[in-house]
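In what follows, a single structure is set out as structure tokens and then discussed.
The values are calculated or read from the model by the stated rules, or taken from the named source; none is laboratory data. As the structure is a computational prediction, the values presented were derived from the model and not from experiment. Neighbour counts are summed over all protein chains in view; Cβ atoms, including those assigned to glycine, are modelled from backbone coordinates with ideal geometry. Ligands, DNA and RNA are stripped out before the accessible areas are found, and what is left, the full protein with its side chains, is counted by its heavy atoms. Shrake-Rupley method; radii C 1.70, N 1.55, O 1.52, S 1.80 Å.
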Amino acid sequence: MAEASSNKVAFDLVSPEKVLAQLEVEMVVVPGEEGDFGVLAEHAPILSLLRPGVVQVYDGNTVIERFFVEGGFAEANPTGLTVLAEAAEPMAALTLDGVKGLLRNAEEDLADTKDPSESELARLERTIAIARARVEAVEAQDR
């Protein structure tokens, strides 16, 4: 992670496929497992699990980027923030029709599965929860 200037936070967003962001910004708001939290320059060290949701990147009072993350980890310290996402994509790449289709497919997969094991049921339910979170994120963005 590159070190940011004193009033900026160095922000890196990495998924297994690629690096989605390497920025110096004012603040990043992350969907932590216990609730959303903001990271500014000189943040105290923290490690948090992420829930499915939107990472919002601010420059000044303006959101300049939004990313949907399926989960993962966030590590903040005085020099910056690194988000290691299970999967992530820019919100600009998501459409309401597309994410509703993903939700519909996930629900159909669950309905079509006969006598799933506990682990398969948990996987299907998590896929549905992530799809619902995507729909909510896109609907909130469109307001």
Residues of the range 86-140 being of a type outside the set (Lys, Arg) and not in a helix (DSSP H, G or I), in sequence order, are Glu86, Ala87, Ala88, Glu89, Pro90, Leu94, Thr95, Thr113, Asp115, Pro116, Ser117
Among the numbered conditions (1) surrounded by 14 or more Cβ atoms within 10 Å (Cβ to Cβ); (2) acidic (Asp, Glu); (3) closer than 21 Å to Val14 by Cα, tell me where Asp36 comes up short. (1)
Criterion (over 25 Å from Arg143 (Cβ atoms), without any contact (Cβ under 8 Å) to a residue 40 or more places away in the chain and polar (S, T, N, Q)) met by exactly one of Ser48, Ser15: Ser48
Which is touching a residue at least 12 places away in the same chain (Cβ under 8 Å), open to solvent by 50 Å² or more (accessible area, probe 1.4 Å) and either farther than 22 Å from Val19 by Cα or charged (D, E, K, R) (or both), of Glu136, Glu125, Glu118? Glu125
May I ask you to list the residues in the range 67-81 that are assigned to a strand (DSSP E or B) and open to solvent by less than 30 Å² (accessible area, probe 1.4 Å)? Phe67, Phe68, Val69, Gly72, Ala74, Ala76, Gly80, Leu81
Subset tally (residues that are in a strand (DSSP E or B) and modelled with pLDDT of 95 or more) for the range 47-61: 10
Answer with yes or no whether Arg104 is touching a Leu at 6+ places or on another chain (Cβ under 9 Å) and of a type outside the set (A, V, I, L, M). no
Identity of the residue in the range 48-66, closer than 15 Å to Val14 by Cβ and of a type outside the set (D, E, K, R), that ends up surrounded by the most Cβ atoms within 10 Å (Cβ to Cβ): Val55
Report yes if some residue within the range 96-114 is farther than 21 Å from Asp142 by Cβ and in contact (Cβ under 8 Å) with a residue 40 or more places away in the chain; otherwise report no. no
